[in-house]
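Q: Questions regarding the structure given below will be posed in turn.
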Amino acid sequence: MNIHEYQAKELLKSYGVRIQEGIVADSPESALEAAKGLNEQTGTSWYVIKAQIHAGGRGKGQIKETGSRGVVLAKKQEDVPTKAADILGGTLVTIQTGAEGKKVNKVLIAEDVYYPGASEPKEYYLSILLDRGKGCNVIMASTEGGMDIEEVAEKHPEKIIKEWIDPKFGLQGFQVRKIAFKLGLEGNAFKEMVKFITSLYNAYVGSDSSQFEINPVLKTSDDKILAVDAKVNLDDNALYRHKDLADLRDVAEEDPLEVEAGKSGLNYVKLDGNVGCMVNGAGLAMATMDMIKLSGGEPANFLDVGGGANATTVEAGFRIILQDPNVKAILINVFGGIVRCDRIANGVVEAYRSIGNIPVPIIVRLQGTNAEEGARIIDESGLKVSSAITLKEAAEKVKKALAES
Ligand code: GDP
Ligand code: MN
């Protein structure tokens, strides 16, 4: 699960990680209040207004309606509400959002931390994630902060420092010092970086996260190390033990159909194709999507209804698939292992009747216990539903349905 920058920074701060301070706002008026509050808290008189969306590249991104960038600097407090107004409610397009962009509902009013001083501020890159190949966490760091790290990794892989953490021993002090040393730091900045990485790692482990990306980490002109940006990805499977973090979910950032499917216990991912599919089991769902492609269609979604499919889950699945206007045919592919095919067939017929007129053809392929009886129930239902026993047969029926649509 992704969270917003302002939420991620609060999480980091609670573990002692130094951050660029800020106050979140959802209107030009509250943005001004936030700026005043921040001035009292930190003494700053320059402010950075940052769009809060679940995507990066905001600094270079643009608001469609106003042309404003997603991250802007205000050198006067009275400019904060007008600059916030150019971002709030707008659609921010960045390299990570796709052309349609994302609606901005909140902005973070942050203190300016790039102030002049004894030395130039310098940007670094830090991330922590699970290296699945090595079976342990890895810390990645680079002096090339603030930039597109994928590009650095491609053109200058030697500029990416990696330190793997043995789960038996945890993060060791010498490892942290090695990273700070390789980043070329010394004196107070070195000590600050050691503290920063150590607290950051504690936050990562303590929150059961699956990815942290801090880009940029800033060395201020007076040698403080702090997080200017924070991307935090929490492990969904561990959210049950972090009630407070689970509450940070922002459903406005998620696909509405996926949210609805989640409520019915369905595993749904929307895609761009024209054949809706409803399957029990993730592996069979993947195989079904391949089959749809082979028969000349494109899957409109991934939908795993789980092992215990019944009339209620089938109906919920139908309703979600039908909300997608691109769907020209629906393929239901269920293996009757735990659940019997005749029960699924009855469920499909019941769901069909309950929804009423479904405008697209439905092909039901049932295999396993009581498959023939299931096919008979479908064929005799008098509805616009046809059955298939083999995958090949189902593929041909999908092809035919698409040709006729
Ligand atoms: P992203 O573009 O979505 O990754 O958003 P970031 O939080 O990384 O901010 C983008 C850029 O804004 C940073 O790389 C900085 O160059 C700039 N920025 C962020 N905070 C400040 C600040 O306090 N002062 C100034 N002058 N620039 C800032
Ligand atoms: Mn960033």
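Q: For the stretch 194-201, what does the Karplus curve 6.51 cos²θ - 1.76 cosθ + 1.60, with θ = phi - 60°, yield as ³J(HN,Hα) per residue in whole Hz, taken in order and with x for Gly and Pro?
A: 4, 5, 4, 5, 4, 5, 4, 5
Q: Given 4 °C and 1.567 mPa s, compute D for the chain with the Stokes-Einstein relation, Rh being the Kirkwood radius over Cα pairs; round to the nearest whole µm²/s.
A: In µm²/s, the coefficient rounds to 53.
Q: Are there chymotrypsin sites (Phe, Trp or Tyr not before Pro) in the stretch 88-191 that DSSP marks as loop and that have at most 14 other Cβ atoms within 10 Å, and which are they?
A: Within the stretch 88-191, the qualifying chymotrypsin sites (Phe, Trp or Tyr not before Pro) (loop, at most 14 other Cβ atoms within 10 Å) are PHE169.
Q: While we're here: Enter the angle in degrees (range 0 to 90, nearest 10) between the Cα long axis of helix 173-182 and the first principal axis of the Cα atoms of the chain, meaning the one along which they spread out most.
A: Between the helix axis and the principal axis of the chain, the angle is about 80 degrees.
Q: Quick one: what Rg and Dmax do you get for the stretch 21-111 from the alpha carbons, in Å?
A: Looking at the stretch 21-111, its Cα Rg and Dmax stand at 12.2, 39 Å.
Q: With only alpha-carbon atoms counted, please give the Rg and Dmax of the stretch 256-404, in Å.
A: 13.4, 37
Q: Sticking with this one: What number, in percent, do you get for the relative contact order of the chain if the mean sequence gap of Cα pairs under 8 Å and at least 6 apart is divided by its residue count?
A: The value is 12 percent.
Q: Beyond 17 Å, how much of the Cα-Cα pair distribution for the stretch 122-246 remains, as a whole percent?
A: 57 percent
Q: Return the long-range amide H neighbours of ASN137 (sequence gap of 5 or more, or a different chain), with a cut-off of under 5 Å between placed amide H atoms.
A: So ASN137 has HN proximity to ASP131, ILE165.
Q: Ok, one more. Between LEU271 and LYS224, what is the label-to-label distance in nm when each label sits 7 Å out along the Cα-to-Cβ direction?
A: 4.9 nm
Q: At R0 = 45 Å, how high is the FRET efficiency between ASP79 and ALA99 if r is their beta carbon distance? Nearest 0.05 is fine.
A: With a Förster radius of 45 Å, E is 0.90.
Q: Sort HIS156, HIS54 so that the residue with the fewest other Cβ atoms within 10 Å of its own Cβ comes first and the one with the most comes last.
A: By the 10 Å Cβ count, ascending: HIS156, HIS54.
Q: With a sphere of radius 13 Å drawn around the Cβ of LEU245, what net charge do the other residues whose Cβ falls strictly inside it have (Lys, Arg +1; Asp, Glu -1)?
A: In short, -4.
Q: Please work out the Cα convex hull volume for the stretch 308-378 and give it in Å³ per residue.
A: 73 Å³
Q: Can you give the angle from 0 to 90° between the axis of helix 282-294 and the longest principal axis of the chain, with both taken from C-alpha atoms, to the nearest 10?
A: So the helix axis and the longest Cα principal axis differ by about 70 degrees.
Q: Sticking with this one: Among GLY146, GLY382, GLY90, determine the one that fluctuates most according to a GNM of the chain built with springs between C-alpha atoms less than 10 Å apart.
A: Judging by the Gaussian network model, the answer is GLY382.
Q: Can you give the % of DSSP beta bridges in the chain that are antiparallel, to the nearest 5?
A: Close to 70 percent.
Bear in mind these aren't lab numbers, they're just calculated from the coordinates by the rules spelled out. Bear in mind the structure is a predicted one, so any value in this text is a computation, not a measurement. Note: ideal-geometry Cβ built from the backbone for every residue, glycine included; neighbour counts use all protein chains shown.
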